[in-house]
Every structure is written in structure tokens, then in C-alpha cells.
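Data block below; observations after.
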Amino acid sequence: MKYSIRMLIVAFLLSITVGEKTVMAGEGNAGVYLIINFDVRPERQAEFEDIMRGVSSAMQSEAGFEEAFVFLDGDVPNKFVLIERWQSKALHREHYDRIVQSGDWAHILSMLKAEPSMSYTHLFAH
């Protein structure tokens, strides 16, 4: 991922915490951000974009889901970054297990060049 997109993501994460008291969080019940990097097959990009456009509204009913933001790389149009905020890693894992079991995750994977990279992150207090 290019430096500029990383800086954009960092700036975004910092901007949404203005006015909130944040602390370095552990794996417990503290809020967590999930960052997923997708490299989409060009021939499946339109379908993938449709899914990303509806990700926030589709997940509103998920226990523990707070919000999601999708970034598109300005230089490489088939690279996306999805940032989701969850009340806890455990609640996200329950959601993930459900979408794997339903086949929805396999459908998303079929649109990608490779397995997406995923990481759980926490805001760092300064």
C-alpha cells in the first residue's frame, strides 16, 4: 500500500476520535477497528463496488457493528481498503463466522486476485 493511502487512513482514524477519550486497548471488550485490504479482479470490480457501496447499511443489524468506511486507491483502481469499527473483536468474529458459513465470504473471495490481508487495530492514545 502506498504511503499516501496509509497517511489518509491514519488521518481518518484520528479525525473520528476528536472529542472522544481513547486509550491503548487490549483484546478484551474494548472497541476495535478491522482493516481489510482487497485486490479485486478487474472483471469483477463493478460487482465488488456494488457490495462495498452497501456495506454500512447491510451491516447495521449486526451486533457490535458501529461503522464502516471504504477507500479506493487513487493510483490503482482495483485496490480497496475497508475499515470497520466494532465494539469488540469477539463480536466481529461472530459476524465473520456467520458470513463464512453462509457462503457470502467465499463469494467475495471469488472476486479477488488473492486472499485479502486483514488486521485488528486499536486507537493509540497520545
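The values are calculated or read from the model by the stated rules, or taken from the named source; none is laboratory data. Source: prediction; values computed, not measured. With ideal geometry, Cβ positions are generated from the backbone for all residues, glycine too; neighbour counts draw on all protein chains shown. Quick note on the areas: whole protein, heavy atoms, side chains included, nothing else; ligands and nucleic acids left out. Shrake-Rupley method; radii C 1.70, N 1.55, O 1.52, S 1.80 Å.
The table below lists the values:
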| item | result |
| --- | --- |
| 13 Å beta-carbon shell around Arg44, net charge (K/R +1, D/E -1) | -3 |
| Net charge of Cβ neighbours under 9 Å - reference Phe80; Lys, Arg +1; Asp, Glu -1 | -2 |
| Ser117, Ser61, ranked by accessible area, largest first (probe 1.4 Å) | Ser61, Ser117 |
| Percent accessible area from carbon and sulfur atoms, the stretch 28-74, protein chains only, probe 1.4 Å | 50 percent |
| Per-residue HN-Hα couplings for the stretch 91-104 [Karplus 6.51, -1.76, 1.60; θ = phi - 60°; Hz; x = Gly/Pro] | 5, 5, 4, 4, 4, 4, 4, 5, 6, 5, 4, 6, x, 5 |
| Residues Ala106 and Ala63, FRET efficiency given R0 of 22 Å [Cβ-Cβ distance, rounded to 0.05] | 0.45 |
| Residue-count net charge about Ser110 - beta-carbon cut-off 14 Å; Lys, Arg +1, Asp, Glu -1 | -2 |
